[in-house]
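Data first, discussion second: the structure below is written as structure tokens.
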Amino acid sequence: QFPFGRRLPCDIYWHGVSFHDNDIFSGQVNKFPGMTEMVRKITLSRAVRTMQDLFPLEYNFYPRSWILPEEFSLFVDEVRMMKDGDPSWKPTFIVKPDGGCQGDGIYLIKDPSDIRLTGSIQSRPAVVQEYICKPLLVDKLKFDIRLYVLLKSLEPLEIYIAKDGLSRFCTEPYQEPTLKNLHQVFMHLTNYSLNIHSGNFIHSDNVNTGSKRTFSSILCRLSSKGADVKKLWSDIISLVIKTIIALTPELKVYYQSDIPAGKPGPTCFQILGFDILLMKNLKPMLLEVNANPSMRIEHEQELSPGVFENVPSPVDEEVKVAVIRDTLRLVDPQKKKRKDTQKHIDCCKNKLNISYNYFMCHRCQTLEHVPEASEELLGTGPAGRGEGDTPRSPEAGLPSLCLKQVFPKYAKQFNYLRLVDRVAALFIRFLGVKGTTKLGPTGFRTFIRNCKLSNSNFSMASVDILYIDITRRWNSMGIDHKESGMCLQAFVEAFFCLAQKKYKSLPLHEQVASLIDFCEYHLAALDEKRLVCGRG
């Protein structure tokens, strides 16, 4: 630990909360710049909503959401319209403060008029969502799933999912929400940090029982009742990949701001906590994504009034130790060195048929092996090892990886969704100054000009008006005022607007894809022209 900063460079830096050290010039950091901001409830809802506009069926795993206070009027109007269209619809909504965690400030309502608009919502924005009233129950209790996901790389995108997770249970039997039980948090909210204070909370040494269990124990139970567990896992993998695809465009903007291309800097990886609720029909629904999931493997136990001690939690230990261990195995900087060394040795072995001895590498303090040519040439090679024997791998004694790669493994099935990624690449290209996250009016005009998007029907004056209108509205929403200019979300909205003007008869995702192709074609031609001129 370096509570007062560090002096020596490291292979891996493990930051506690967020990426915050701008003096790292090499190695790997366990946090991505901007991740904490991206998984806040409002930002996540906006990112998923953009994808829902493009691909509504593919992104139906996230509850319908409204952002408060800016969309309060829209929320009221839409609920009224839905009730008028279906008088039997009796919805419940859940209000979640934007920066809240561990269940802090969450409450349920039956009507928009019940939202606590007095002061707090103005100073503490929130997301209001349609509450999932028919969850899957186990032992008559509502529960959610905490799955651990490793984002190993942003470019190229590389995602791993832990094969096991945690199931966190409510501590009172579930009933569908009514005005009488809306405030019973131990019935409706699955947060461990809330339910731990319930008198019904059960700490168990068995992963199959208690108020916190392994997800695999739930799957076994479902499988024994004939549920299609393979399809459930497939749906969960799809949900995780699609959610990360929604987050990556803006993460790339943050990344190039903190770690500009061409300058020395670290690479990043991060363990994320995905909170997922299973509906009665086994459809997984995304509740939220946590940038700093708890990795504690013990809980507090009250010995006597006011006296607590930390007691090991077998459930947490079984799941979390494997996640940390295998994350470090996957990002191990020595793994590539060992592979390169092995390739070199195999090459030498094939050429010279040389025997080997072990030695301790002075550079990395790991077990390596080198050819002992003199022994072979003298005919005195070490006895007891066959010609094809290889030295024992440093990982040979470890369990198989608990982290399963899902991307790029399934990239072919999901790459068509990465439209906003390509829009973000255009945005980053025209940012101009390295280290910025907002596009100025000159950059936006250059984008329009270079992509040949202005014409007699869309003059540069119209371009300026579009830029001013959209940028002003997004800035009025309280989006990062540290820089002036157009943020990525505003650019995406402007891009969608341009696509709808240019390709009127197509569905939105085809309009956007067509405009991206058009822009990329003209920029590639421009780059080629500059290359030819440069050679000349």
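The values are calculated or read from the model by the stated rules, or taken from the named source; none is laboratory data. For clarity, every value in this text was computed on a predicted model and none was experimentally measured. With ideal geometry, Cβ positions are generated from the backbone for all residues, glycine too; neighbour counts draw on all protein chains shown. Only protein heavy atoms, including side chains, enter the accessible area calculation; ligands, DNA and RNA are left aside. Shrake-Rupley method; radii C 1.70, N 1.55, O 1.52, S 1.80 Å.
Tabulated values for the structure
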{"item": "Test: residue in the range 110-129 that is under 24 Å from Ala227 (Cα atoms) and not charged (D, E, K, R)", "result": "no"}
{"item": "Top-ranked residue in the range 290-327 [being surrounded by fewer than 18 Cβ atoms within 10 Å (Cβ to Cβ), charged (D, E, K, R) and within 26 Å of Lys31 (Cβ to Cβ); ranked as modelled with the lowest pLDDT]", "result": "Glu298"}
{"item": "Filter result for Val17 (out of contact with any Asp or Glu (no Cβ under 9 Å at 6 or more places or on another chain), in a loop (DSSP other than H, G, I, E, B) and surrounded by fewer than 16 Cβ atoms within 10 Å (Cβ to Cβ))", "result": "yes"}
{"item": "Qualifying position, being open to solvent by 50 Å² or more (accessible area, probe 1.4 Å), out of contact with any Asp or Glu (no Cβ under 9 Å at 6 or more places or on another chain), assigned to a helix (DSSP H, G or I) and of a type in the set (Gly, Ala, Ser), among Ala513, Ala524, Ala490", "result": "Ala524"}
{"item": "Inter-residue pairs, beta-carbon under 6 Å, first under 24 Å from Thr50 (Cβ atoms) and polar (S, T, N, Q) and in the range 245-269, second assigned to a helix (DSSP H, G or I) and open to solvent by 30 Å² or more (accessible area, probe 1.4 Å), 6+ apart", "result": "Gln256/Ile428"}
{"item": "Residue match in the range 78-90 (condition: outside the structural domain of Leu247 (by the TED database), of a type in the set (Phe, Trp, Tyr) and under 19 Å from Tyr131 (Cα atoms))", "result": "yes"}
{"item": "Boolean, Ser204 is over 30 Å from Pro408 (Cα atoms), part of a helix (DSSP H, G or I) and open to solvent by 20 Å² or more (accessible area, probe 1.4 Å)", "result": "no"}
{"item": "Filter result (more than 24 Å from Lys501 (Cα to Cα) and acidic (Asp, Glu)) within the range 512-530", "result": "Asp527, Glu528"}
{"item": "Residue in the range 105-124 that is open to solvent by less than 30 Å² (accessible area, probe 1.4 Å), in contact (Cβ under 8 Å) with a residue 40 or more places away in the chain, among the aliphatic types (A, V, I, L, M) and closer than 30 Å to Pro266 by Cβ present", "result": "no"}
{"item": "Residue count, the range 282-298 (criterion: more than 21 Å from Lys134 (Cα to Cα) and assigned to a strand (DSSP E or B))", "result": "3"}
{"item": "Residue within the range 254-267 that is in a helix (DSSP H, G or I) and surrounded by 22 or more Cβ atoms within 10 Å (Cβ to Cβ) present", "result": "yes"}
{"item": "Hey, Arg422 open to solvent by 50 Å² or more (accessible area, probe 1.4 Å), assigned to a helix (DSSP H, G or I) and either touching a Lys or Arg at 6+ places or on another chain (Cβ under 7 Å) or at pLDDT 95 or above (or both) or not", "result": "yes"}
{"item": "Test: residue in the range 494-509 that is within 12 Å of Leu426 (Cα to Cα), open to solvent by less than 60 Å² (accessible area, probe 1.4 Å) and in contact with a helix residue (DSSP H, G or I) (Cβ under 7 Å, 6 or more places away or on another chain)", "result": "yes"}
{"item": "Val48 open to solvent by less than 10 Å² (accessible area, probe 1.4 Å) and either without any contact (Cβ under 8 Å) to a residue 24 or more places away in the chain or touching a helix residue (DSSP H, G or I) at 6+ places or on another chain (Cβ under 8 Å) (or both)", "result": "yes"}
{"item": "Restricting the range 165-178 to residues that are of a type in the set (S, T, N, Q) and within 24 Å of Gly210 (Cβ to Cβ), the residue that is surrounded by the fewest Cβ atoms within 10 Å (Cβ to Cβ)", "result": "Gln175"}
{"item": "Yes/no for Met279 being open to solvent by 30 Å² or more (accessible area, probe 1.4 Å) and modelled with pLDDT of 95 or more", "result": "yes"}
{"item": "All positions within the range 18-45 that are closer than 30 Å to Leu417 by Cβ, out of contact with any Cys (no Cβ under 8 Å at 6 or more places or on another chain) and touching a residue at least 60 places away in the same chain (Cβ under 8 Å)", "result": "Ser18, Gly34, Met35, Thr36, Glu37, Met38, Val39, Lys41, Ile42, Thr43, Leu44, Ser45"}
{"item": "Number of the exception - Ser224 against (1) open to solvent by 20 Å² or more (accessible area, probe 1.4 Å); (2) over 26 Å from Ser153 (Cβ atoms); (3) small (Gly, Ala, Ser); (4) touching a residue at least 24 places away in the same chain (Cβ under 8 Å)", "result": "(4)"}
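So that you can scan it fast, the table gives a plain yes or no per residue for (1) part of a strand (DSSP E or B); (2) at pLDDT below 95; (3) open to solvent by less than 10 Å² (accessible area, probe 1.4 Å):
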residue	(1), (2), (3)
Glu78	no, yes, no
Lys83	no, yes, no
Lys90	no, yes, no
Cys133	no, yes, no
Phe143	yes, no, yes
Leu147	yes, no, yes
Leu150	yes, no, yes
Tyr160	yes, no, no
Lys180	no, yes, no
